Amino acid sequence: MAEDKTALLEDLSKCVRCGSCKANCPTFLGDPLEPMGTRGRLVLLRGLLTGAVKPSRLLNERIFSCILCGACAGACPLGVDIPEAICQGRALLSPTDKKRRLLRPLARWSSRRPDVAFRMLRMGERLLLPFLAKRGIIPFSPELPEVPLRRSEQVFRVHKKKGRVAVFVGCSINYVFPHMGESLINVLRKFGYEVVLPHGETCCGAPLRALGLEKEAEELAEKNYRVFSRLKVEAILSLCPTCALSLKTEYPKMIGKGLDRVMDVSTFFADKLKGMDKIYRTSFYHDPCHLSYGLGVKQEPREIIRKAGLDLVGGEDQGCCGFGGLYCMSFKEISAGLLQKRTERISASAADAVVTSCPGCVLQLSRTVTDRPVLHLIELIEEAYCYRPEKQPRKEKDAESEPTLF
Ligand code: SF4
Ligand code: SF4
């Protein structure tokens, strides 16, 4: 830890406090207090390392109120790795952080026994979760599927094999939205890919890292690396940008090795999909923070949406939906404020549907965007390329009888 502290202090010492990094910080834009923004947090962390600032409840609130969206990643002209500094700062502060003292053991335990945690949540789905949601202890009560997607190792074969890919399912797809995982498998097989869901996948570790549980997150990273690095596949696909970002970009910082073949579905499918005929429907694309800021993927999903025959409305401005995994439980007000802003933006666009590329964003946006469908991009791809006849000549009079996309 002493070494980590020295490296962190060295990184933070590069900061000249110019403030460029806070321009897009959503927590600062919502509450323009210096310590609620990127630069303020870095100054506090540096103070903590030099001893000028002592650990306190307020300091914890400032450092943990960062939603880890990554809007500041790469924004520093002097190369300070800001999200990494925040994560390391949280690891230093976690022993004194009382507010999340119950969340930590819970997250640690459920990341080790996710299937047991899922079964317990299923048992509490009817009474306990709605009760907790009503009391404001959790922000909402999710609808859970009867069974998760992943069991033991599963291989989905195809007749004329074009290639072989693995899927990193991730917890939100596995335990909340398994139908999205099924859509991905369905689309991949339609395109001639054998699909592997290897035995031994575990949580990517991002929720633990966000709570300051660095060692536990590293253990999970090691496990996933062992499972996925041995596979003979051309790509490892993930429907969750947070998982993809962790496996590809964060693991090298955490355990010194990453999974280079990881990619999100829009990057994988961008050059494989052909254009479809227009169906006169409009869509608003919501950029998930970890996909756009973290992995730099912005145009590929839009290209796919256009190819699927939808007109994009609402421009390309970006805003965090406020989900942030466990963040929406720790900072309910900030999370709700960010969600409200995003909902207003979507409503103003008058789009028929909202498309995004992250199960967490779907979960969060569906809470307030109730007048139109909120879809994961893979559901759109499946609908457009697996269920609609390809290249059918479209006539104007067919517009009303068109099989509905949503
Ligand atoms: S990660 Fe996001 S919330 Fe955190 S400091 Fe950077 S911009 Fe702000
Ligand atoms: S952009 Fe870099 S130098 Fe400027 S305040 Fe942020 S971290 Fe410091």
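The values are calculated or read from the model by the stated rules, or taken from the named source; none is laboratory data. What you see is a predicted model; the values in this text were computed from it and never measured. Because the Cβ atoms are built from the backbone with ideal geometry, glycine has one as well, and the counts that use them run over all protein chains shown.
Observations
- The condition of being more than 16 Å from ligand 1 (Cβ to nearest atom) and either among the small types (Gly, Ala, Ser) or modelled with pLDDT under 95 (or both) holds for Ala2.
- Residue, nearest to Val169 (Cα to Cα), within segment 234-250, restricted to residues that are in a helix (DSSP H, G or I) and small (Gly, Ala, Ser): Ala244
- All positions within segment 122-146 that are surrounded by 14 or more Cβ atoms within 10 Å (Cβ to Cβ) and more than 21 Å from the chain's Cα centre (by Cα): Arg122, Gly124, Glu125, Leu128, Leu129, Pro130, Leu132, Ala133
- Residues of segment 146-162 classified as in contact with a His (Cβ under 7 Å, 6 or more places away or on another chain) and more than 30 Å from Gly124 (Cα to Cα), total: 0
- If you check Leu9, Leu102, Leu106 for being over 19 Å from Gly337 (Cβ atoms), modelled with pLDDT under 95 and within 14 Å of ligand 2 (Cβ to nearest atom), only one passes: Leu9.
- Residues that are within 26 Å of Leu375 (Cα to Cα), outside the structural domain of Glu379 (by TED's automatic domain parsing), modelled with pLDDT under 95 and among the hydrophobic types (A, V, I, L, M, F, W, C) do not occur anywhere in segment 235-249.
- Within segment 16-43, tally of residues that are within 28 Å of the chain's Cα centre (by Cα), more than 19 Å from Tyr327 (Cα to Cα) and touching a residue at least 24 places away in the same chain (Cβ under 8 Å): 7
- Residue within segment 131-138 that is in contact with a Lys or Arg (Cβ under 8 Å, 6 or more places away or on another chain) and more than 24 Å from Tyr385 (Cα to Cα) present: yes
- Criterion: closer than 21 Å to Thr356 by Cα and not basic (Lys, Arg) - qualifying residue of Asn224, Asn186: Asn186
- Residue-level check: of (1) under 26 Å from the mean Cα position of the chain (by Cα); (2) more than 13 Å from ligand 1 (Cβ to nearest atom); (3) not hydrophobic (A, V, I, L, M, F, W, C), Pro55 misses just (1).
- Ser283 being buried (at least 24 other Cβ atoms within 10 Å of the Cβ) and either more than 21 Å from Glu182 (Cα to Cα) or over 19 Å from the mean Cα position of the chain (by Cα) (or both): yes
- Considering only residues in segment 205-245 that are among the small types (Gly, Ala, Ser) and in contact (Cβ under 8 Å) with a residue 60 or more places away in the chain, the one that is farthest from Cys289 (Cα to Cα) turns out to be Ala235.
- Here Glu218 meets each of (1) within 16 Å of Gly325 (Cβ to Cβ); (2) out of contact with any strand residue (DSSP E or B) (no Cβ under 9 Å at 6 or more places or on another chain) with one exception, condition (1).
- Residues in segment 82-100 that are within 11 Å of ligand 1 (Cβ to nearest atom) and surrounded by fewer than 19 Cβ atoms within 10 Å (Cβ to Cβ): Glu84 alone.
Table: residues versus (1) outside any helix (DSSP H, G or I); (2) at pLDDT below 95.
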site	(1), (2)
Leu132	no, yes
Phe140	yes, yes
Leu144	yes, yes
Ser152	yes, yes
Arg164	yes, no
Glu194	yes, no
Glu218	no, no
Tyr225	no, no
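- Number of positions in segment 63-78 that are closer than 20 Å to Glu333 by Cβ and either away from ligand 2 (no atom under 15 Å from the Cβ) or assigned to a loop (DSSP other than H, G, I, E, B) (or both): 7
- Reported count of residues in segment 20-36, each being assigned to a loop (DSSP other than H, G, I, E, B) and within 12 Å of ligand 1 (Cβ to nearest atom), is 4.
- Residue, farthest from Leu78 (Cα to Cα), within segment 12-59, restricted to residues that are among the hydroxyl-bearing types (Ser, Thr, Tyr) and within 13 Å of ligand 2 (Cβ to nearest atom): Thr38
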